[in-house]
Amino acid sequence: MVRYRAVLAGCGAMSRGWLKAIFDTPQLRDQIEIVGLNDLRRPAAEAIASDFHLSGADIDTDLDALLERTKPELLFDVVIPGARQNVVALGLRHGCNVLSEKPMATSLADARALIEDAQSAGRVHAVIQNRRYNAGIRRIKALLDSGALGTLTSINADFFVGAHFGGFREEMRNVLLLDMAIHTFDAARFLAGSAPQAAYCHESNPAGSWYAHGAAANALFEFENGLVFSYRGSWSAEGANTSWDAAWRLVGTKGTLLWDGEDEFAAHVVDGEEGFFRPLRPVEVPEVPEPEKTHGHASVILDFVSAIGSGHAPETVGSDNIKSLAMVFAAIESASQQQRIAISV
């Protein structure tokens, strides 16, 4: 088994989820050695080193110098979105394969530049889109692929959570669309199995919001073959939180699937040709046959490491993930211009 040296850039709260996924997954623990920690705040990196028993890791506030000294094969990019472009580009210049937090970039132009940088460097750049690896999404995809619901005609997702993060998110513009909705958009694109074509969106910052901008949004996306994806969301909705994975309704020509974003599934298809309301029968939502595909961060990192060794493109490679990012920026532009925006990558 190949063992990779890795540097982690960005030692805030999100980095703990990454490291926990690595150290809790035997295959990753055996394949990845964290040789360096980088953060503009040295005490943050030192705290990570202490909490995860990384006494041998080199710590530096200067990422360029750290990469030069440690010469890792992998760079884990967990910095704030505004710093992502420089960090990824720097990692690629040092010959690293880079796995980034989402969003992939703060603009489509920057995302395209990173794709070109990775191609020029002959390295992999992928993005943590952990929601598409959750068991519920994989189970829905398996049901859709079986044809049980017929042709998929609409995907609908509701996300309502009262989340008090503090920190940079509460100062971000377009915070829901840019920092959270990307998860749901990416999962919907995965389930649709086709490309988004256009977006309509209304964005707001509701009364009582503790965010500076854009804590709520209603978005409608046109996909190929007439499929429609609707999204309703808010990060300042108190009183009845949905799952972090949203609540879903998927409608096909033969029936409908409901998922609460956690453990509850209900799928029914038409079972007769008479009556005002046609009779229905339940359909089992299959279990996921691939356990390694159902563990969020760990599954993304496993796929990323496997891709480096085998030469295949990881599922969340930048050249594909930019299509989900394009949905975000189309929604933001639509909300700003109050009109339909075509999506082109």
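Quick note: the coordinates plus some simple rules give every number you see, no bench work behind them. Not measured: the values here are computed from a predicted model. Please note: Cβ atoms are built from the backbone with ideal geometry, for glycine as well, and neighbour counts cover all protein chains shown.
Cross-link candidates for K323: which lysines have Cα within less than 28 Å, leaving aside residues fewer than 8 places away along the same chain?
Partners within reach: K102, K141, K293.
With a cap of 16 neighbouring Cβ atoms within 10 Å, and only residues DSSP puts in a loop, list the trypsin sites (Lys or Arg not before Pro) found in the stretch 118-205.
Taking the stretch 118-205 and a limit of 16 other Cβ atoms within 10 Å, the loop trypsin sites (Lys or Arg not before Pro) found are R173.
Starting from the 7 Å offset along Cα-to-Cβ, what nm value, one decimal, do you get for the label separation of D64 and Q339?
4.3 nm
With the dipole of the stretch 4-123 worked out from charges on the C-beta (+1 for Lys and Arg, -1 for Asp and Glu) around the Cα centre, which of I115, F52, L66 lies farthest toward the positive end?
The Cα lying farthest towards the positive end belongs to I115.
Cβ under 12 Å from G255's Cβ, G255 left aside: what net charge do those residues give with Lys, Arg +1 and Asp, Glu -1?
+3
Between N225 and D24, take the C-beta separation as r, use R0 = 51 Å, and let me know the FRET efficiency to the nearest 0.05.
0.80
Calculate the dipole size of the stretch 4-123 relative to its Cα centre from +1 charges on Lys and Arg beta carbons and -1 charges on Asp and Glu beta carbons; express the result in debye to the nearest 20.
180 debye
Ignoring chymotrypsin sites (Phe, Trp or Tyr not before Pro) that are buried or in helix or strand per DSSP, and keeping those with at most 12 other beta carbon atoms within 10 Å, what is the longest stretch of the chain between them?
1-275
Within a Cβ distance under 14 Å of Q197, other residues only, what is the Lys/Arg minus Asp/Glu net charge?
The answer is +1.
Which value, in debye to the nearest 20, describes the size of the charge dipole of the chain about its Cα centre when Lys and Arg Cβ atoms bear +1, Asp and Glu Cβ atoms bear -1, and nothing else is charged?
So the dipole magnitude of the chain works out to roughly 340 debye.
Given the DSSP H assignment, sum -39500 (n - 2.57) over each helix run of at least 4 residues in the chain and divide by its residue total; what's the result at 222 nm in deg cm²/dmol, nearest 500?
-10500 deg cm²/dmol
Placing +1 on the Cβ of each Lys and Arg and -1 on the Cβ of each Asp and Glu in the chain, which of Y231, H183, A89 has its Cα farthest towards the positive end of the resulting dipole?
Positive-end residue among those listed: A89.
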